Amino acid sequence: YMSPVKGSAGEGQRLAALETIQTYLTISDQTLREELFKNALQQLETSKENHFQRESILDIIRLLVLYQTSENIANLFEKWVYPLCETVLEDPRKFRKAQKQKKVEAMEDESTTESKKPDLRYKDKAKLLEMEHKKAYRILEEIFKSDKDSCKEFITNNYKKIKKLLMTSLNKVADSSKAARLRCIEHLISKTPYLNAESKLLKSAVAESVICTRDINSKCRQCAFNLINSVGNVLKSQ
């Protein structure tokens, strides 16, 4: 799954490999699951500008996280999921200005130019950030969907942090992440007792859903309508 491929046949093989990993984890030893999770996080740390490798690792982490302790899940959330969802791509003009400054500094200190890797272009950096946004929300969504005690414990213990992320990061979310984000909000609502028409969570959810009903992506629009229905059902039950 970590090997780059070309063509639809190669992508099909990668998908089959990911499904095999998912099945294997259901029967593997817990010690191995935790070791694989630890190794995946280490690889994530060393692949900060490798788009393909980073995307592949985040997919594997999404499968592994369901078998981790609530403490390990919390560490993943604090170090990776929350920061990736919060990261905003800087203004293009500021980016170009910073790049020029780096070039000037590199020319002044020629001894460091050989060891430094070239920085990502703005377009490539934007693609990388958008991918990371989507993968981070997908990881959070899988945790929400899981019936495992460790995932439930994580959500209970970190409810306020998760709620803060989902209520404050609307302006930071990438377009491709909106559907997964809306599904996370829907899961959060289902796990929140004592909601009413004055609840900030419901007001925020409705506002975001209405905006997303006009999104160009059909999945995002469907998730928006589903969330509006969920809010309506909550209010109906009051």
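Only the coordinates and a few stated rules stand behind these numbers; no lab work does. Nothing here was measured: the structure is a model prediction, and the numbers come from that model. Note that each Cβ is placed from the backbone with ideal geometry, even for glycine, and that neighbours are counted across all protein chains shown.
The table below gives the values:
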{"read-out": "Cα centroid of region 1-29 to Cα centroid of region 37-92, whole Å", "value": "19"}
{"read-out": "C-alpha long axis of helix 51-64 to longest principal axis of the chain, angle in °", "value": "40"}
{"read-out": "Relative contact order (%) - criterion: Cα under 8 Å, at least six apart; region: region 179-226", "value": "43"}
{"read-out": "Residue-averaged 222 nm ellipticity for the chain, from DSSP H runs of 4+ at -39500 (n - 2.57), nearest 500", "value": "-23000 deg cm²/dmol"}
{"read-out": "Members of LYS127/LYS152; LYS160/LYS236; LYS79/LYS172; LYS135/LYS219; LYS125/LYS161; LYS6/LYS127 lying beyond 22 Å, as alpha-carbon distances in this model show", "value": "LYS127/LYS152; LYS160/LYS236; LYS125/LYS161"}
{"read-out": "Most mobile listed residue (ARG54, ARG221, ARG121) in the chain, GNM with C-alpha springs under 10 Å", "value": "ARG121"}
{"read-out": "The chain, relative contact order [Cα under 8 Å, separation at least 6], %", "value": "18"}
{"read-out": "Leading residue at positive end of dipole, the chain (Cβ point charges), from LEU188, VAL81, SER70", "value": "LEU188"}
{"read-out": "Ordering of 131-138, 157-164 by packing [mean C-beta count within 10 Å, highest first]", "value": "131-138, 157-164"}
{"read-out": "Among LEU227, LEU128, GLY12 - extreme Cα towards positive end, dipole of the chain, charges at beta-carbon", "value": "LEU227"}
{"read-out": "Three-way shape label, the chain, alpha-carbon gyration tensor, a/c 1.5", "value": "oblate"}
